[in-house]
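Report on the structure given below.
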Amino acid sequence: MNIKFLGHSSLLIEGNGIKALVDPFLKNNPQYIEDKNDIENITHIFITHAHGDHIGDAIEIAKANDSMIIANAEICNILYFLHNDLNYHPMHIGGTFNFDFGRVKMTPALHGSGYTDKDNKIQDGGNPAGFVIEVDTKKVYHAGDTGLTYDMKLLERERIDVAFLPIGGNYTMDIDDAVEAARFIGAKITVPMHYNTFGMIKANPIEFHDKLLGHKVIILKPSEAIEI
Ligand code: NI
Ligand code: MN
């Protein structure tokens, strides 16, 4: 599978039977480098939680491509009420489903998930989540926004090929906590995300790399990709 980092927490995942976005925060994402290919023929859109920097442009992209939106049941319900012509697959924490392209597991995240509606009212977006997504027999873990939890130790059993972890602090794990998380998870490759997009989440990914001794860290710049 090929994974392209689109800046912040946005990924484009391509493999056999899938061209998916995870947390497609593009238009208002200061790190995003525009490329039409990122929003064409999108089969699936994964949303980890309802915050604006994660739902991002999901609706617009789903409408244009008839993509399937995969998110927790509360987010699917909110979005269905607003756009009942879209395709939803609700899941929930700890749940696994075998899609045509492979297996997906929704994992816990320690964070919020309030959905801000057009009247600026907050709706309950359920529990925030992460995803383990299997494509072409490889597994990518997108942690979503989360603090460090000991539950991440359980992800060791998943034998993750590449883990994307937030390191920016303030809203999520900082570098030291993300180092601990990466050790719990033991992915073959760890990639930092959710940093330097906004003033409150400044972090130096090289420091993360240097502190995570004995583990392979790849720092992806926005629009860079890895093939696993
Ligand atoms: Ni968030
Ligand atoms: Mn966020």
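Residues are listed down the side, and each one gets a yes or a no for (1) open to solvent by less than 10 Å² (accessible area, probe 1.4 Å); (2) closer than 25 Å to Val217 by Cα; (3) more than 16 Å from ligand 1 (Cβ to nearest atom):
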position	(1), (2), (3)
Phe101	no, no, yes
Ala109	no, yes, no
Lys118	no, no, yes
Gln123	no, no, no
Val132	yes, yes, yes
Val140	yes, yes, yes
request  = Return the only residue of Asp38, Asp23 being within 16 Å of ligand 1 (Cβ to nearest atom) and among the charged types (D, E, K, R).
outcome  = Asp23
inquiry  = Take the residues in the range 133-145 that are within 16 Å of Ala71 (Cα to Cα) and in a loop (DSSP other than H, G, I, E, B); name whichever of them is nearest to ligand 2 (Cβ to nearest atom).
reply    = Asp145
request  = Sort out which residues of the range 19-42 are away from ligand 2 (no atom under 16 Å from the Cβ), in contact (Cβ under 8 Å) with a residue 40 or more places away in the chain and surrounded by fewer than 20 Cβ atoms within 10 Å (Cβ to Cβ), and write them in order of number.
outcome  = Ile33, Asp35
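Tell me yes or no: at least one residue of the range 67-81 is more than 21 Å from Met173 (Cβ to Cβ), within 16 Å of ligand 2 (Cβ to nearest atom) and open to solvent by 30 Å² or more (accessible area, probe 1.4 Å).
At the first step, the residues of the range 67-81 found to be more than 21 Å from Met173 (Cβ to Cβ) are 67-71, 73-81.
Now restrict to residues that are within 16 Å of ligand 2 (Cβ to nearest atom): 71, 75.
From what's left, open to solvent by 30 Å² or more (accessible area, probe 1.4 Å): none.
No.
When you look at His51, is it within 14 Å of ligand 1 (Cβ to nearest atom), open to solvent by 50 Å² or more (accessible area, probe 1.4 Å) and not hydrophobic (A, V, I, L, M, F, W, C), yes or no?
Values: within 14 Å of ligand 1 (Cβ to nearest atom): yes; open to solvent by 50 Å² or more (accessible area, probe 1.4 Å): yes; not hydrophobic (A, V, I, L, M, F, W, C): yes.
Yes: the conditions hold for His51.
How many residues are buried (at least 23 other Cβ atoms within 10 Å of the Cβ) and either away from ligand 2 (no atom under 16 Å from the Cβ) or not in a helix (DSSP H, G or I) (or both) if we restrict to the range 56-66? Can you show your working first?
Here is the first cut: in the range 56-66, the residues buried (at least 23 other Cβ atoms within 10 Å of the Cβ) are 56, 58, 62.
From the residues that got through so far, the ones that are either away from ligand 2 (no atom under 16 Å from the Cβ) or not in a helix (DSSP H, G or I) (or both) too are 56, 62.
The number of residues fulfilling the criteria is 2.
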query = What number goes with the only condition from (1) assigned to a strand (DSSP E or B); (2) in contact with an Asp or Glu (Cβ under 8 Å, 6 or more places away or on another chain) that His111 does not pass?
reply = (1)
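The values are calculated or read from the model by the stated rules, or taken from the named source; none is laboratory data. It should be emphasised that the depicted structure is a prediction, and the values quoted were computed from it without experimental measurement. Neighbour counts are summed over all protein chains in view; Cβ atoms, including those assigned to glycine, are modelled from backbone coordinates with ideal geometry. Heads up: the accessible areas ignore ligands, DNA and RNA and are worked out on the full protein's heavy atoms, side chains in. Shrake-Rupley method; radii C 1.70, N 1.55, O 1.52, S 1.80 Å.
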